[in-house]
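Step one of this worksheet: look at the structure below.
The values are calculated or read from the model by the stated rules, or taken from the named source; none is laboratory data. Everything numeric in this text was worked out from a predicted model, so none of it was measured. Heads up, the Cβs are rebuilt from the backbone with ideal geometry, glycines too, and the neighbour counts pull from every protein chain shown. Calculation scope for accessible area: heavy atoms of the full protein, side chains included, ligands and nucleic acids excluded. Shrake-Rupley method; radii C 1.70, N 1.55, O 1.52, S 1.80 Å.
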Amino acid sequence: MKTRIIGTGSCLPDMVVTNDALSAIMDTSDEWISSRTGIRERRLVKEETTTSMSVAAAKRAMENAGITAQEIDLIIVGTITGDYVTPSTACQVQAALGAGKAVAFDINAACSGFLFALHIADAYLKSGIYKTALILGAETLSKIMNWNDRSTCVLFGDGAGAAVVRSERTGLLAYDQGSDGARGAVLTCRNRENNNPYVKNPVEPDYTKMDGQEVYKFAVTTVPASIKKVVEEAGLTIEDIDYFALHQANIRIIQSVAKRLKAPETKFPTSLDHCGNISAASVPILLDEMNRKGLLKPGMKIVLSGFGGGLTWGSAVLEW
Ligand code: COA
């Protein structure tokens, strides 16, 4: 039996912020942002939260899968921007759905969060511990951006994506994941500082900092290698893959990965232009868009790949 995605869902906040809108409040331009990244607009929260978007995405995935909350054994949310330190986003989703029998927890693997959650769910399903899992990537990245730092804040957006997975005849064929903590300093956001009464100099809250060129180099070398490895492990060739659903960080990264794999760019659908980079939520949102457009047909071979902060990366080959 294999772990199969049987339903997808997503939720984006209502507010659309175009590159032109950003250039009205900071020294940037649509030309700079779109030519370097492929991003034209992103959605940012006003009323929505990481939890509310997760719940909406989860409900759509459950409806798409045709399952009830009582059937869910496991809920895993990949996020670095949960609304609370505790309870976890997953526990809040569980409560909102009424998925009383589920075990629920969050994981932090930044932009690889959904891929890591998929792999964890796969291990539980394969071992027979659980039968049905709900996995999500959900972020409100706008709250950890320094809105005075144009080199980072223009790149990111908010949203949530979800998938229901179950053991079936076909599904996940192969998986690769990795971490390189030694290079973690290229993409950081410090957590809350110690402010106990004995600390003299509490520090200001931190925001996302990135060495864009180092992250770029990491992505264009690690991602093709990880995809090649996982495709080979699945007993397939790059030509056998129908679609590559990559983490949506930057169109140049996606183009470079396509070139290094010698695969046509038409096999790399994107949501970057209207979503920006939504970290753990990018892959499941893209997958849901592909699913709802009817691009995914039974038997198709799909590669999913996430990469980012940690540093972390994960790739999977699925038979749809
Ligand atoms: N608008 C206008 N100018 C900007 C800008 C913005 N939003 N952000 C930065 N600049 C300026 C800088 O101040 C710098 O100016 P200077 O040369 O006068 O100092 C210049 O643009 C840098 O431009 P460039 O050298 O072309 O940057 P780049 O080619 O490295 O592109 C990124 C920057 C961030 C687009 C690119 O490095 C990248 O995409 N990296 C990967 C990031 C990523 O995907 N992260 C997430 C991974 S999960």
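For the reader, a short list of remarks on this structure follows.
- Carbon + sulfur, % of accessible area of the chain - ligands and nucleic acids excluded, 1.4 Å: 50 percent
- Distance between the stretch 282-320 and the stretch 42-86 - C-alpha centres, whole angstrom: 18 Å
- Candidates A21, M53, A65 compared by Cα position along the dipole of the stretch 1-68: farthest toward the positive end lies A65, with charges placed on Cβ.
- Nearby aspartates and glutamates by direct alpha-carbon distance to K101 (threshold 19 angstrom, same-chain neighbours under 8 apart not counted): E63, E71, D73, D122
- Paramagnetic reach from R183 (point 7 Å along Cα→Cβ, amide N under 18 Å) across the stretch 199-228: 209-228
- Charge sum, other residues only, whose C-beta stays under 14 Å from E232's C-beta, Lys/Arg counted +1 and Asp/Glu -1: -1
- Long pairs among K46/K301; K46/K131; K59/K131; K59/K228, criterion Cα-Cα beyond 27 Å: K46/K301; K46/K131; K59/K228
- Zone of M26's modelled label, taken as backbone nitrogen in the stretch 137-176 under 20 Å from a point 7 Å along Cα→Cβ: 139-159
- Cα centroid of the stretch 200-243 to Cα centroid of the stretch 119-180, whole Å: 14 Å
- Using the Cβ of V203 as centre and a radius below 15 Å, the other residues enclosed give a net charge of +1, where K and R count +1 and D and E count -1.
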